[in-house]
Every structure is written in C-alpha cells, then in structure tokens.
Amino acid sequence: MSRFKLVAAALVALTATPAVAQTKVSIGFSGWTGFAPLVLAKEAGIFAKNGLDVTLKKIPQASRHLAMAAGDIQCAATTVETWIVWNAAGIASTQIFQMDKSYGADGMAVRGNIASIKDLKGKQVAASAPGTAPYFTLAWFLKKNGLSVKDVTVVNMEPGPAAQAFIAGQNDVAMTYEPYLSAVRDKPEAGKIIATTLDYPMIMDTFGCTPKFLAENEAAAKALAKSYFEAVALIKSDQAKAYDIMGADVKQTGEQFGNSAKYLRWQDKDANKAFFAGDFKSFSKEAADLLLEIGVIKQIPDLTRLADTRFLD
C-alpha cells in the first residue's frame, strides 16, 4: 500500500470517530488547477478528519459571489483582486489564506500574425465577464502595454470555451488558464501564447468566507486553513497519487494534471505569512486602482478589511 493510501486510510478512520464534530460548509470554486488541493482535501478525508463536512460546488467566477450572497456557499476560492470587486459590490467577504501563485498558468493566446500585445488594438478577444480573473488579466496586460479594454472588442466566454473556440479558429485572442491553456499549447497551428503570468506576475489565489461564517465558526475557519496546508503537504509526500485524484476532477490523467500544475506554486503556511505581510497589500492597492479605472468597481472598498490572517496559526 502506498504512503498516500496509508495516510488516506488513517484519515478516513479518524473521521469515523463520533467525537469529531462536523461543521457543514459549502465552498464555491472552479476547475482551475490551483484550486485542486480542495478536491484532494475532500477525497483524502482531510476535511472530515479536521471536523468539516465540506461540499464543493463548481460555480463560474462571474456568479460565485452571488451564490455567497444568497447563502448557497459560505466560502470560496478566487483571485485576490476579485475579493475587491465583491466587496465593492456590497458582498462582504474576507480572505483567510493564500492558495497559489500563477507562474505561467494564466495567459493570452493570439493568432500567429499578432506580434505583440500592442498589436491587439481593434482585435476581438474572448474573455470572461468583467469582475473575473481572465478579464482582469486582459486589462492588466493591456495597461502594461499602453492600451485598455476599450481598445479591443471583448466577447464574454469562460476559460474552457474560450480556449476551445480559439483552437477552432474563433476570435483573434483568448484569455484562459490551466488546464485549458495547455490545450492551446498542444495546438501551435491555432496560434501562440504571447504572454503569461511569467511575463506579468499578477494572478494570486486566496480562500475566503463571509464575515458571518467566520464570526460564528472560528474553529472551522482554522480547520479549513489547516486542511489546505495538509493537502499541500500530501501532494509533496505522494505526488503521483495526488495528481491522479486532482486530475480526475477535471477529466485529466495524473500526468496531464502534472503538466498543468508545473505552471503554478501552491503556498504553504510560511509562504502565506510572508505574502500577507508584504505583496498582498501592494498588489491589492494597484489592482483596486486598475479596477476603478476600467469601471469594474465604482469605488474602492476598505482594503484593510479584506483579509484576516489569524486563522493561519
């Protein structure tokens, strides 16, 4: 029996102990590779071992905050700047731990005749709706090259369909992320990836919940962070098996999942503490300014209230 199976078996055995109280929590997320440790934490019994009865719900990023506002989910995984959008829209939500950083896992695919981002003026771009990570990534890439979203025609498509449409010959440009970006990498005849988060480091994912849930379930919030870090540790101890489980959730083999995962870095507890003490504040300020500039938000919310790091300990 592999080390992973032994650990998973031990975790399942622990969950059978009646003394472990289970707090119900529904989490909104997507098939983005960086969120996969949540799947691993559930499938390996880590959440249950830590006293959590977790339901994972795949909800498009554009409507994830609406599910939170309606009470369908209490917590969610999304990009750092998205929490700014949600709070600016009146959906109170607080980040409690960082999940990952993109190292080339988010990118822009273009037709072969487009030589640079500056050539995108007047082009048709497939990207998710305003308020989502792909749309923000588009805006960020354009701004760094002297353009804005007003210089292109945006066709709203989710990352998976955007990648498939691009491969099929639709649109001049597609904004997408892993595992869908690898589908574009595998079809060079369709076009090329002109920029990723290796060129423009700006996609960082965090996990957060409603203030109400955090106030009423402090122990559960700590258990959510603890479970995530345990899942990340489990990936390191038995990577092949973990990749098989996480890949299955998005219909990938373990090998295919690993090829997607190499473009990001999951963040452990030490990395979390360093992030919230440093890059988090400066990035949130720059992101908020851009979101205001492109009209995604009408006013900048109180950025000092968007994270609560006490659940990391």
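The values are calculated or read from the model by the stated rules, or taken from the named source; none is laboratory data. Being a predicted model, the structure only gives us computed values, none of them experimental. We place every Cβ from the backbone using ideal geometry, glycine too, and count neighbours over all the protein chains shown.
Can you find a residue that is touching a Phe, Trp or Tyr at 6+ places or on another chain (Cβ under 6 Å) and at pLDDT 95 or above anywhere in the range 14-29? Within the range 14-29, one or more residues are touching a Phe, Trp or Tyr at 6+ places or on another chain (Cβ under 6 Å) and at pLDDT 95 or above. Among the residues of the range 37-80, those that are touching a strand residue (DSSP E or B) at 6+ places or on another chain (Cβ under 9 Å) and among the charged types (D, E, K, R) comprise 42, 53, 57, 58, 64, 72. Looking only at the range 153-189, residues that are hydrophobic (A, V, I, L, M, F, W, C), more than 20 Å from residue 103 (Cα to Cα) and buried (at least 19 other Cβ atoms within 10 Å of the Cβ) come to 5 in all. Just one residue in the set 215, 225 is modelled with pLDDT of 95 or more and either of a type in the set (Val, Ile, Thr) or in contact with a strand residue (DSSP E or B) (Cβ under 9 Å, 6 or more places away or on another chain) (or both); that residue is 225. Based on what the data block shows, is residue 162 without any contact (Cβ under 8 Å) to a residue 12 or more places away in the chain and not polar (S, T, N, Q)? Criteria not met by residue 162.
The residues of the range 172-214 that are assigned to a helix (DSSP H, G or I) and in the same structural domain as residue 251 (by TED's automatic domain parsing), listed by number, are 211, 212, 213, 214. If you check 261, 220 for being touching a residue at least 12 places away in the same chain (Cβ under 8 Å), crowded, with 18+ Cβ neighbours inside 10 Å, under 29 Å from residue 91 (Cβ atoms) and of a type in the set (Gly, Ala, Ser), only one passes: 220. Looking at residue 78, is it crowded, with 22+ Cβ neighbours inside 10 Å and among the hydroxyl-bearing types (Ser, Thr, Tyr)? Yes; evaluated as a whole, the condition is true for this residue.
Looking at the structure I just gave you, is residue 85 in a strand (DSSP E or B) and among the β-branched types (Val, Ile, Thr)? No: the conditions fail for residue 85. Can you spot a residue in the range 282-292 that is surrounded by 14 or more Cβ atoms within 10 Å (Cβ to Cβ), assigned to a helix (DSSP H, G or I), among the basic types (Lys, Arg) and assigned by TED's automatic domain parsing to the domain that holds residue 44? No: zero hits. Among the residues of the range 100-122, is there at least one that is in the same structural domain as residue 235 (by TED's automatic domain parsing), surrounded by fewer than 21 Cβ atoms within 10 Å (Cβ to Cβ), among the hydrophobic types (A, V, I, L, M, F, W, C) and over 30 Å from residue 249 (Cα atoms)? Within the range 100-122 (the criterion being in the same structural domain as residue 235 (by TED's automatic domain parsing), surrounded by fewer than 21 Cβ atoms within 10 Å (Cβ to Cβ), among the hydrophobic types (A, V, I, L, M, F, W, C) and over 30 Å from residue 249 (Cα atoms)), the answer is no, since none of the residues qualifies.
Okay, residues lined up against (1) out of contact with any Ser or Thr (no Cβ under 9 Å at 6 or more places or on another chain); (2) more than 17 Å from residue 47 (Cβ to Cβ):
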| site | (1), (2) |
| --- | --- |
| 212 | yes, yes |
| 224 | yes, no |
| 229 | yes, no |
| 233 | yes, no |
| 240 | no, yes |
| 254 | yes, yes |
| 259 | no, yes |
| 265 | no, yes |
| 271 | yes, yes |
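Look through 160, 169 and report the one residue that is farther than 30 Å from residue 273 by Cα, of a type in the set (Gly, Ala, Ser) and assigned to a helix (DSSP H, G or I).
When all the criteria are applied, what remains is 160.
Scanning the range 88-110 for residues that are of a type in the set (D, E, K, R) and touching a Lys or Arg at 6+ places or on another chain (Cβ under 8 Å), we see that the one that is farthest from residue 75 (Cα to Cα) is 101.
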